[in-house]
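J.: Structure in structure tokens, see below.
The values are calculated or read from the model by the stated rules, or taken from the named source; none is laboratory data. As the structure is a computational prediction, the values presented were derived from the model and not from experiment. Don't worry about glycine lacking a Cβ; one is built from the backbone with ideal geometry, like all the others, and counts go over all protein chains shown.
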Amino acid sequence: MDNTPHGFVGLAVALGAGLLIGIERERRKGAGNDRQAAGLRSFAVAAVTGGLAQWLQVPGLVVSGAVCVALLGVVSHWKSRSSDPGLTTELALFTTYLIGVQSVLAPAFGGACGVGLAALLAARERLHRFATDLLSEQELHDGLLLAALALIVLPLIPAGPLAALAGIAPRPLAALVLLILAMQAAGHVALRWLGPRGGALLAGFAGGFVSSTATIASFGSRARADPRQIAMLSGGGGLSSAATWLQALVMCAVLSPVAALALLPVALAGALGAAGVGLLALRTQAPLATADLPPSTGSALRPREAIAVAALLGLVAAGVGQAQHRFGDVGLNLSIAFAALIDAHAPVASLAALHAAGSLPTHGVVLGALIAITVNSLIRCVVAAVAGGRAYAQRVGAALGVSLALAWAAEWVFGR
């Protein structure tokens, strides 16, 4: 028997969890012949029983108690007179017993499990509405496909560089395909929940913190499918570029605050330029009403566009890698430009780390960040043309061009 304060706290947490879950079940217990057997007291007793079984430390007592609670749940379900008894209450009663056991072992974790179970039970109507009304059959299929790609296919792809791919590691390219597909799904959900205007802007800005390239590619495929949304989607692409500047600034602030202070005017100028042009693009076209949008009966995922963008980036990176191998290393800036072909954040983080270690001057960080984002912006323009076509690429390119012009101007003014 555990007579320490920890044991008494565990029993108290078990009782509290049982009462919390029991209150939720009592409200749904019903009345008359259709009422369920377990309510407030049953769940409180089950939780305390589990806590005592663990607290007494008698060999086999916890298992015996679990078997007893499970048998009581079976009997309760068998004797139920309801036309649709279900198994939720019986399963919740058994889980409450286990939460009582866990509360004595780890009170904080046991309490968290109790609150989580009570919240899950209380959200019945919302979950049912989400599963039956809000979530379509095609969206469920898309979600399962993304989960299978992330958890089954991606780990099987080699992580190291392959000679057949000119020294390129295939897993990052596959991860980019998965990221583009995820962004397509996120944009689809945002469009449904927030409407065509708010969904595109929010999804674009949030996606820029993950990968502006993937966001622009995802929006481009949607713009190609429905040209009426080009203005809104290109505006979201501009906001994704603004997020790239802000994330570069945050990364520098974490690794080297001094370098972040020097990068601040450049990053703010670039972010404001991209965001300004992106938002200005929305004024050129009236927003579409939700009723004007095509019904979302098809899949939100477009694997061909995602694979095409990843293949394009891989070919460009392989070509530059071969050029570097043949002609030698021409300095840090070329290495930064090479790394920025795939992602702009990684080289900026490397520059900030070198500055923090005293191996790079502050001006080198700012100049290197400008080179990295400039090269990456050029790649994003190409990706926009491939994924979304000429009109979409022109709008996105305008946002990227103004952003870079203001950023370089800020460097010329403040970096002197």
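J.: Which one is farthest from A225 (Cα to Cα) among residues in region 370-395 that are among the β-branched types (V, I, T) and in contact (Cβ under 8 Å) with a residue 40 or more places away in the chain?
T.: So in region 370-395, the residues among the β-branched types (V, I, T) come out as 371, 373-375, 379, 382-383, 386.
If we keep only those that are in contact (Cβ under 8 Å) with a residue 40 or more places away in the chain as well, we get 373, 379, 382-383, 386.
Numbers: I373: 29, I379: 22, V382: 18, V383: 16, V386: 13 Å.
Within region 370-395, the match that is farthest from A225 (Cα to Cα) is I373.
J.: Any residue at all in region 76-96 that is in contact with a Gly (Cβ under 9 Å, 6 or more places away or on another chain), in a helix (DSSP H, G or I), among the β-branched types (V, I, T) and modelled with pLDDT of 75 or more?
T.: Among the residues of region 76-96, at least one is in contact with a Gly (Cβ under 9 Å, 6 or more places away or on another chain), in a helix (DSSP H, G or I), among the β-branched types (V, I, T) and modelled with pLDDT of 75 or more, which makes the answer yes.
J.: Only one of these conditions is not met by L378: (1) at positive phi; (2) at pLDDT 85 or above. Which number is it?
T.: (1)
J.: Show the residue pairs that are 6+ apart or on different chains and have beta-carbon atoms under 6 Å apart, the first residue being within region 118-129 and within 12 Å of L20 (Cα to Cα), the second being surrounded by 12 or more Cβ atoms within 10 Å (Cβ to Cβ).
T.: Cβ pairs passing all conditions: A118/L20; A118/I21; A118/E24; L121/E24; A122/E24.
J.: Still on this model: Would region 213-226 turn up any residue that is under 25 Å from A372 (Cα atoms), touching a helix residue (DSSP H, G or I) at 6+ places or on another chain (Cβ under 8 Å), modelled with pLDDT of 80 or more and not in a helix (DSSP H, G or I)?
T.: Scanning region 213-226 turns up no residue that is under 25 Å from A372 (Cα atoms), touching a helix residue (DSSP H, G or I) at 6+ places or on another chain (Cβ under 8 Å), modelled with pLDDT of 80 or more and not in a helix (DSSP H, G or I).
J.: OK, next. In region 113-166, which residues are more than 23 Å from the chain's Cα centre (by Cα) and at pLDDT 85 or above?
T.: Correct list: C113, G114, V115, L117, A118, L121, A122.
J.: Evaluate region 29-39: report whether one residue or more is in the same structural domain as Y97 (by TED's automatic domain parsing) and modelled with pLDDT of 85 or more. Full working, then the answer.
T.: Let us first name the residues in region 29-39 that are in the same structural domain as Y97 (by TED's automatic domain parsing), namely 29-39.
Among the residues that remain, those that are also modelled with pLDDT of 85 or more are: none.
Within region 29-39, not a single residue is in the same structural domain as Y97 (by TED's automatic domain parsing) and modelled with pLDDT of 85 or more.
J.: Moving to a separate point now. Taking the conditions exactly as written (in contact (Cβ under 8 Å) with a residue 40 or more places away in the chain and part of a helix (DSSP H, G or I)), does L233 satisfy them or not?
T.: Working: in contact (Cβ under 8 Å) with a residue 40 or more places away in the chain: yes; part of a helix (DSSP H, G or I): yes.
Taking the combined requirement at face value, the residue satisfies it.
J.: Being closer than 18 Å to V402 by Cβ, surrounded by 15 or more Cβ atoms within 10 Å (Cβ to Cβ) and either more than 27 Å from the chain's Cα centre (by Cα) or modelled with pLDDT of 85 or more (or both) narrows it down to one of G278, G236, G321, so name that one.
T.: On the way: G278 fails: either more than 27 Å from the chain's Cα centre (by Cα) or modelled with pLDDT of 85 or more (or both); G321 fails: closer than 18 Å to V402 by Cβ.
Answer to the check: G236.
J.: Quick one: would you say A214 is of a type in the set (A, V, I, L, M) and over 25 Å from P361 (Cα atoms)? Talk me through it step by step, then tell me what you get.
T.: Numbers: of a type in the set (A, V, I, L, M): yes; over 25 Å from P361 (Cα atoms): yes.
So A214 passes the test.
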